[in-house]
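The structure appears right after this line, and notes come after that.
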């Protein structure tokens with residue numbers, strides 16, 4: 001396009017790349033754009049890069065050679081998460097105030113103990129700590145207090161009392177709760193006990209409402225079809241496809257290919273999809289993506305049968321090589337726990353996949369062996385020591401030296417572990433169905449279902 005210089009075209013390199021000292025001239029895009037200060041033309045530079053272990057971002061820098069006006073901005077460059085996130089943290093000690101937090105513009109923060117809330121879109125996104133959040137609130141409330149004490153002494157007195165409560169809160173004389181909720185899913189609270197489970201923190205993903213999707217700029221396609229089956233909104237350019245034109249049976253023998261973007265570098269690539277049948281289980285959809293630019297490969301499995309009436313809890317004893325060969329289907333709604341290692345992998349961490357128990361354990365180790373902390377340059381040395389000790393135990397599990405129990409909890413009931421016996425009970429495999437709780441139905445988007453509360 002005129003006025004645009006794109007240095008990334010034809011390079012065969014990822015769109016989003018790490019910034020390194022070995023790359024002194026990172027690829028950027030320059031766009032001639034209007035200066036809001038003087039009305040003349042300036043230059044906007046766009047740089048697509050990554051924040052390590054967090055997400056892709058777009059760095060924008062504008063400068064005007066006529067008036068000297070300059071502006072810098074950062075925007076998320078990745079896709080919006082499928083669901084929002086809600087993090088409930090119990091602050092027990094002053095050490096918890098040092099937990100680092102990533103919050104976006106859409107993150108709301110509540111402290112029920114003080115009946116206090118910071119609404120979403122009232123502050124810019126930032127990387128901070130729990131103490132930093134409280135200090136920022138105190139600084140904001142103290143602003144113009146000198147004037148208020150003269151003009152509105154009653155209001156100033158109420159603010160002084162509330163500020164005093166916040167100061168006491170920083171001393172953590174008694175435990176309190178902080179709740180972070182972000183409809184975009186771009187919120188993170190540090191776990192100082194990683195890779196072990198954070199007993200004081202509860203993370204929950206939720207399905208966004210229609211209004212929340214509209215806030216994010218997500219609108220569902222709902223075309224109005226005329227009597228001839230033609231999309232009237234498109235002026236008849238895109239005719240509708242009926243069931244008779246393309247039958248479901250045709251999918252079972254076909255591999256469908258559609259364009260997508262690489263989840264690692266966001267470069268254009270292709271995804272192959274096929275419907276297949278897992279014996280003694282159900283039909284599933286297998287999707288595989290291979291990026292020719294960065295070499296990244298992903299395999300994902302989605303259930304073809306919808307949500308089951310009951311949730312599913314599977315417990316399998318892994319005692320050696322024989323159990324490693326069991327086929328396993330972990331759906332995207334299934335969490336995995338290993339009690340002997342005191343570790344748990346959430347439902348959205350590994351996604352849906354069809355593999356063996358050995359393959360699943362190896363994927364868990366690969367996920368944990370990479371620095372899952374978003375702040376590697378400020379990492380506590382003790383955390384690194386704990387992680388190294390944990391990985392040594394995991395190596396013993398993978399070598400068969402340490403028996404463990406694998407627990408799969410799938411509220412949607414779409415997971416599966418192969419039995420090693422024919423027609424009889426497998427002594428090392430236990431399967432249990434349970435009724436979902438109200439909150440689990442909420443997470444799955446089944447708001448109209450009436451269920452009993454379930455305690456696992």
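For every residue, the table says whether it meets (1) within 28 Å of the chain's Cα centre (by Cα); (2) assigned to a loop (DSSP other than H, G, I, E, B); (3) modelled with pLDDT of 80 or more.
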{"residue": "1", "(1), (2), (3)": "no, yes, no"}
{"residue": "49", "(1), (2), (3)": "yes, no, no"}
{"residue": "86", "(1), (2), (3)": "yes, no, yes"}
{"residue": "89", "(1), (2), (3)": "yes, no, yes"}
Filter the range 171-202 down to residues that are modelled with pLDDT of 85 or more and part of a strand (DSSP E or B), then give me how many there are.
-> 10
Please go through the range 104-152 and pick out each residue that is part of a strand (DSSP E or B), touching a helix residue (DSSP H, G or I) at 6+ places or on another chain (Cβ under 8 Å) and surrounded by 17 or more Cβ atoms within 10 Å (Cβ to Cβ).
-> 109, 111, 118
Return yes when residue 351 is modelled with pLDDT under 85 and in contact with a strand residue (DSSP E or B) (Cβ under 7 Å, 6 or more places away or on another chain) and no when it is not.
-> yes
Within the range 137-173, residues being touching a residue at least 12 places away in the same chain (Cβ under 8 Å) and within 30 Å of residue 187 (Cβ to Cβ) number 14
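The values are calculated or read from the model by the stated rules, or taken from the named source; none is laboratory data. This structure is a prediction, so every number in the text was calculated from the model and none was measured. Glycine gets a Cβ as well: all are built from the backbone with ideal geometry, and neighbour counts include every protein chain shown.
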